[in-house]
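Contents: one structure, followed by commentary.
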Amino acid sequence: MNRRKFINRTTAAGTGLALAPSIIAAPSQAVPAHDFKHLYAPHFGMFKNSAGDDKLAQLQFMYDSGFRALEFNGLMEEPVEFQEQLGEKLRELKMTMGVFVILTGEHWITSLTTGEAKYVDNFVKTCERAVDVAARVDAKWMTVVPGNYDRSLPIGLQTSNVIEALRKGAEVLEPHGLVMVLEPLSDNPDLFLRTAHQSYMICTAVNSPSCKILYDVYHMQRNEGRLIKNIDWCWDHIAYFQVGDVPGRKEPTSGEINYKNLFKHLYDKGYRGIVGMEHGNLNPGKAGETALINAYAEVDNF
């Protein structure tokens with residue numbers, strides 16, 4: 001998921017919305033810089049029409065548009081040189097690095113449900129490598145997906161296998177203050193981890209500050225609904241949020257979720273962490289990117 005050129009000074013109107021004008025040297029289109037309440041984190045590619053293909057230019061554009069965090073799932077696949085450049089730019093802009101995915105081997109889905117040593121060993125080694133990656137960009141959170149449901153094993157054994165593997169990963173991450181966030185998904189019915197409650201139970205069993213929940217509102221609306229109630233039930237183990245509207249997985253206001261109400265609820269509960277923008281753009285081109293920014297301004301206005 002995936003840059004950015006500079007923009008002119010602009011202001012934007014919005015009822016009750018605090019705006020932060022920015023003075024920047026200019027591309028083709030000015031975008032209002034918003035003073036968002038939440039720490040929304042775009043990903044590379046989201047603003048490529050406005051900022052171009054260069055990732056660091058896109059990062060500058062995100063900052064100039066009011067965003068103060070970044071997500072980059074594929075960070076571990078990038079060369080060390082780029083990871084270091086990205087870290088320097090994030091520090092220059094005083095932006096926060098959000099999640100990257102703990103990639104293991106050829107695919108980000110692991111097979112921790114099986115309990116097989118080769119998968120567990122690979123996961124632990126990848127956690128060790130992730131420590132170095134995190135240090136380069138000052139990251140704290142890493143996404144972990146345990147893998148697919150194994151129809152040859154009872155679910156209780158699979159759950160035990162996952163817990164044991166995650167404990168070993170947590171032993172690697174905990175001394176560095178890093179946190180793997182487990183993400184229940186709705187992409188296909190073969191995935192093992194599917195609900196916040198299931199994730200909560202696993203985090204409780206792992207019993208480490210380095211094993212928490214990534215609550216992706218898009219997936220949880222599809223899998224379990226009752227968003228606010230389920231968030232409240234699982235609050236103690238939720239360390240990170242991602243969003244996308246349903247249906248379509250586009251920006252807030254494009255679907256059925258009342259994101260203004262949800263974001264207010266998180267803010268009122270004291271959440272000041274990252275809200276990852278884990279979705280596509282509803283409309284194409286620069287106009288679609290501007291509309292996306294304005295959609296966040298709308299739902300952040302509470």
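The values are calculated or read from the model by the stated rules, or taken from the named source; none is laboratory data. These figures come from a predicted structure and were not determined experimentally. Cβ atoms come from the backbone with ideal geometry, glycine included; neighbour counts cover every protein chain shown.
Worth a mention:
- Looking at the stretch 165-259, the helices (runs of 4 or more DSSP H) lying wholly inside it that each contain 2 or more residues that are surrounded by 15 or more Cβ atoms within 10 Å (Cβ to Cβ) and either polar (S, T, N, Q) or at pLDDT below 95 (or both) sit at 196-206, 217-223.
- As for the stretch 72-79, it holds no residue that is among the polar types (S, T, N, Q) and under 16 Å from Gly147 (Cα atoms).
- Some residue of the stretch 98-115 being in a helix (DSSP H, G or I), surrounded by 18 or more Cβ atoms within 10 Å (Cβ to Cβ) and touching a Gly at 6+ places or on another chain (Cβ under 7 Å): yes
- Flag for Leu266 being part of a helix (DSSP H, G or I) and either touching a Gly at 6+ places or on another chain (Cβ under 9 Å) or surrounded by 20 or more Cβ atoms within 10 Å (Cβ to Cβ) (or both): yes
Quick grid of which residues meet (1) among the polar types (S, T, N, Q); (2) farther than 23 Å from Ala196 by Cβ; (3) in contact with a His (Cβ under 6 Å, 6 or more places away or on another chain):
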{"position": "Asp121", "(1), (2), (3)": "no, yes, no"}
{"position": "Ala130", "(1), (2), (3)": "no, yes, no"}
{"position": "Gly147", "(1), (2), (3)": "no, no, no"}
{"position": "Ser152", "(1), (2), (3)": "yes, yes, no"}
{"position": "Ala165", "(1), (2), (3)": "no, no, no"}
{"position": "Val172", "(1), (2), (3)": "no, yes, no"}
{"position": "Gly177", "(1), (2), (3)": "no, yes, no"}
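- For the stretch 141-164, residues that are under 19 Å from Gln242 (Cα atoms) and part of a loop (DSSP other than H, G, I, E, B) total 2.
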